[in-house]
Amino acid sequence: MKKEVQNKLPRTLNNLKNTAPVFYFQIISTLVFCLFCLPVFSQTGVLKGKILGDGEPMPMAVCRIEKLEIQRLTDAAGHFILEKLPIGTHTFSVSYVGFLPEFREISISKNDTAHLEIELRENPFRLNQIVVSGTRTARRRLDSPVAVNVLSSATMAATQSNTLAEGICFQPGLRLETDCQTCNYTQLRMNGLGGKYSQILVDSRPIFNALMSLYGLEQMPASQIERVEVVRGGGSVLFGANAIAGTVNIITREPQENDWSVGQNFAQIGGRAADHFTNINASLTGSEKKTAASFFASRRTRDGWDANGDGFTEMPELANTSFGGKIFLKPAAQHKISINAWHIHEFRRGGNAPDLPADRADQSEERTHDIAIGGADYTFSPTAKKWRLQVFSAFQKTRRRHYTGIDHSDGWGNTRSLTNISGAQWNLDFSLKNIQNSLILGIEHQFDDTFDEIKGYNFLIDQKTHLTGFFAQTEWKFSPKLTALAGVRLNKHNFLPNPIATPRANILFKPSEKWQFRSAWARGFTAPQAFEADMHIAFAGGGVSFIRLDPNLIPETSNSVNFSADFNDPRPTYIYGFTTEIFRTRLFDAFVLEETGADAAGNQQLLRRNGGHSTVAGLTLEARFNYNQKVQLETGFTLQTSRFDRPVAWSQEVGGIQKYLRTPEKYGFFTLIFFPEKKLNGTLSGIYTGKMLVPHFAGAPGILKDELFDAPSFFELNFKISQKFRLPGLENGLTFSAGVQNVFNSFQSNFDSGKFRDSNFVYGSSRPRTVFVGVILGKN
């Protein structure tokens, strides 16, 4: 063995001698290659930049060069820096929840610093805008444990919704119902529950009382509304115990910049009645935005419209004038003051003989409203502190002169109403063992004084209510994926001997940026008091029909749960998403209306009493899609059941029924917008209302006995096209629009005729085929 090694060793040495030149050349070549190429590989650059959104810095935006596996977050000022980037061209991306992702090709040079500023475009569905309705404090929508839907002013404009009543239907789970053939009194139904179960707010204050709910949604011009925040289900009881079905928060226009607009719309209803709408809006902002103000005014006149040629209107004559404004003052960094005021004057007349006084007609309803709305908020936010205090007061005052009568009867009445709410709210943000917490404590007192009298019918509502609420809420953000919220409101109503607690609990789970899961549970109650329907006098049985309260009426209570799943996937050229919600509300000692006969004058009497328990449950589906700002689709559809545990005797002549009346089990909407950010754009929209049972009382022409009518389904299709023109000196120039509402004239065809009609026998679409044109000068 040793000999073999010795024999090999000389040969190896000999080989090395023979290969030495090659060996040394390889070593030298490698050293030279490294000497020249190492600086090339070590050559790097730097990328610095700033990310903005809506003109404001975007902290925590994700900046990424995916192929290099480099990622950074922007700081509080929206700045970022990426160091040691190899020279060359790279694809840089930035993303932020609620905004569309942006991509840029960047070139990195040797020992150089590249600069980049990107303005993110907001997601067209406003998925992550600031909302206040879910938690009584400002929250990014995707971070709120309470699901909040937003009806924007852009959607109302695209669907030619001149009033809130016309636009509110383009929200999932919501349906606006017309309940009177003569005066067109309406109520908003949420998740299958009637109007009295919804809490309507104006700038987050519950001053939308029972009287204003009769016609208020139609009295509010859409041009004066910034957005409408909708919380379905009882998860928002901190705003009031009546928020059993949900909350609708009407946010009036807020001044953001100096702008103005003047708009005029003209429509022809059913080929005969004219409808004119004029709107004026203006906003002013001071230096450094320490002061700002917005002003608005509108005028609407609409002819009465007769559907069946009997001389009696199915849509009343209207004349509405609204004006008001909002002012913001910020005298110092810690102080903010907000003041708003609004006045509405409306004349409404339905029936026949419009040229005669109301009491000279064969049958008519006339209403003259004067409504004043106002409020003030003061917010104190100490510098470098994590708490803030808000003190607020708001009011609504209504005076109404009204007539309801047949054959010159003495049906004149007077109404006066005053609602005031005042209170304070304290917010504290803190961390406990790295868990973020937001605490809210507050108190508010709501006073409502309503007097409504028709001496000729011996009809009187003289109601004063005091509702004091103490509320507390704590919100824990355990991680970016998990947030939990719990709150309780203690309510003391002067009609009840003992306080009632209405707790709530919500959970938000976000396993990823695309998915969100929410659950909500809440208790609520309804006090034994008069509601909007109780203040409406209808025609039935050859006379009038009105509601009285059972003297033994006790509070109605509720228990509601909601579960929802949200998915949103934003891509460079498109975004799509969907929402699925399951809801269930259990009512205990539910309020029902039952016929009790007629008074001495032959007028129908309805009694509101407790009718046992009932359940409303269902499923709401939403979908949304936007392709490169060229096509945008939003749609929602609800399937539900509404049942009493035992039959309700709505009529003395017909057996009781468990199903809710006037409540379809299927309803939905869609909006399809083409080129939503271009000069020329078009919109297709539609509202679907499913079958429902509608009561029809005897005494109407051809109706010998009370009956339930199985109303058919309706689908209302609308179309609008608009064209923008640039004008010198105007930011948005001139916009012309035209279109048709209810294209196929899907409208009720069997209205009662004559003065003895049952005015509550009305269902389906709110208007016949309507052709319109419009023009807006200034910002649109």
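Overview of values
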{"read-out": "Options G271, G246; residue that is within 25 Å of Q741 (Cα to Cα), touching a residue at least 24 places away in the same chain (Cβ under 8 Å) and small (G, A, S)", "value": "G271"}
{"read-out": "Index of the failed condition, Q629 passing every other in (1) part of a strand (DSSP E or B); (2) within 24 Å of the chain's Cα centre (by Cα)", "value": "(1)"}
{"read-out": "Verdict on S685 being among the polar types (S, T, N, Q), within 19 Å of V740 (Cα to Cα) and modelled with pLDDT of 95 or more", "value": "yes"}
{"read-out": "Answer from F625, F591 - the residue that is at pLDDT below 90 and of a type in the set (F, W, Y)", "value": "F591"}
{"read-out": "Selection count, segment 341-369, where residues are open to solvent by 60 Å² or more (accessible area, probe 1.4 Å), outside any loop (DSSP other than H, G, I, E, B) and either closer than 28 Å to K326 by Cβ or free of Cβ contacts under 8 Å to residues at least 24 places away in the same chain (or both)", "value": "1"}
{"read-out": "In segment 695-720, residue farthest from S685 (Cα to Cα) [restricted to those that are in contact with a Leu (Cβ under 8 Å, 6 or more places away or on another chain) and open to solvent by less than 70 Å² (accessible area, probe 1.4 Å)]", "value": "A698"}
{"read-out": "Y763 being open to solvent by 20 Å² or more (accessible area, probe 1.4 Å) and within 28 Å of the chain's Cα centre (by Cα)", "value": "no"}
{"read-out": "Residues located in segment 517-530, provided they are open to solvent by 10 Å² or more (accessible area, probe 1.4 Å) and in contact with a Lys or Arg (Cβ under 8 Å, 6 or more places away or on another chain)", "value": "F517, A520, W521, R523"}
{"read-out": "Considering residues of segment 203-233 that are small (G, A, S) and touching a helix residue (DSSP H, G or I) at 6+ places or on another chain (Cβ under 9 Å) only, the residue nearest to A138 (Cα to Cα)", "value": "S204"}
{"read-out": "Strands (runs of 3 or more DSSP E) lying entirely in segment 669-780 (those with 3 or more residues that are farther than 22 Å from F277 by Cβ and of a type in the set (A, V, I, L, M))", "value": "692-696"}
{"read-out": "Flag if Q723 is touching a residue at least 60 places away in the same chain (Cβ under 8 Å) and either open to solvent by 60 Å² or more (accessible area, probe 1.4 Å) or not acidic (D, E) (or both)", "value": "no"}
{"read-out": "Hey, Q436 touching a Gly at 6+ places or on another chain (Cβ under 9 Å), at negative phi and surrounded by 14 or more Cβ atoms within 10 Å (Cβ to Cβ) or not", "value": "no"}
{"read-out": "Residue among E177, E166 that is under 19 Å from G690 (Cα atoms), of a type outside the set (K, R) and assigned to a helix (DSSP H, G or I)", "value": "E166"}
{"read-out": "Every residue from segment 494-511 that is surrounded by fewer than 18 Cβ atoms within 10 Å (Cβ to Cβ) and farther than 17 Å from R141 by Cβ", "value": "N494, F495, L496, P497, N498, P499, I500, A501, P503, A505, P511"}
{"read-out": "Those residues of segment 534-578 which are open to solvent by 10 Å² or more (accessible area, probe 1.4 Å), within 32 Å of the chain's Cα centre (by Cα) and polar (S, T, N, Q), in sequence order", "value": "T557, N559, N562, S564, N568, T573"}
{"read-out": "Test for G682: is it open to solvent by less than 70 Å² (accessible area, probe 1.4 Å) and either closer than 30 Å to W260 by Cβ or of a type in the set (S, T, Y) (or both)", "value": "yes"}
{"read-out": "Residue match in segment 254-263 (condition: in contact (Cβ under 8 Å) with a residue 60 or more places away in the chain, buried (at least 20 other Cβ atoms within 10 Å of the Cβ) and within 27 Å of L174 (Cα to Cα))", "value": "no"}
{"read-out": "Some residue of segment 592-610 being assigned to a strand (DSSP E or B) and closer than 28 Å to V150 by Cα", "value": "no"}
{"read-out": "Given (1) touching a residue at least 40 places away in the same chain (Cβ under 8 Å); (2) in contact with a strand residue (DSSP E or B) (Cβ under 6 Å, 6 or more places away or on another chain), index of the condition D407 fails", "value": "(2)"}
{"read-out": "Qualifying positions in segment 455-487 - within 21 Å of T135 (Cβ to Cβ), surrounded by 17 or more Cβ atoms within 10 Å (Cβ to Cβ) and among the β-branched types (V, I, T)", "value": "T483"}
{"read-out": "In segment 156-201, the residues that are closer than 29 Å to D303 by Cα and of a type in the set (S, T, Y)", "value": "T159, S161, T163, T178, T182, Y185, T186"}
{"read-out": "Index of the failed condition, V150 passing every other in (1) β-branched (V, I, T); (2) under 30 Å from Q436 (Cβ atoms); (3) surrounded by 24 or more Cβ atoms within 10 Å (Cβ to Cβ)", "value": "(3)"}
{"read-out": "Selected residue (only one of S298, S283 is at pLDDT 95 or above and either small (G, A, S) or open to solvent by less than 20 Å² (accessible area, probe 1.4 Å) (or both))", "value": "S298"}
{"read-out": "Residue, nearest to the chain's Cα centre (by Cα), within segment 287-312, restricted to residues that are more than 22 Å from K779 (Cβ to Cβ) and of a type in the set (G, A, S)", "value": "G304"}
{"read-out": "Of all residues in segment 410-432 being closer than 23 Å to F546 by Cα and not hydroxyl-bearing (S, T, Y), the one that is most open to solvent (accessible area, probe 1.4 Å)", "value": "R416"}
{"read-out": "Complete set of residues in segment 769-778 that are of a type outside the set (S, T, N, Q) and crowded, with 21+ Cβ neighbours inside 10 Å", "value": "G774, I776"}
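The values are calculated or read from the model by the stated rules, or taken from the named source; none is laboratory data. From a predicted model like this one, the values you see are computed outputs, not experimental measurements. Every residue, glycine as well, gets a Cβ built from its backbone with ideal geometry; the counts of neighbours run over all protein chains shown. Note: accessible area is taken over every heavy atom of the protein model, side chains too, but ligands, DNA and RNA are not part of it. Shrake-Rupley method; radii C 1.70, N 1.55, O 1.52, S 1.80 Å.
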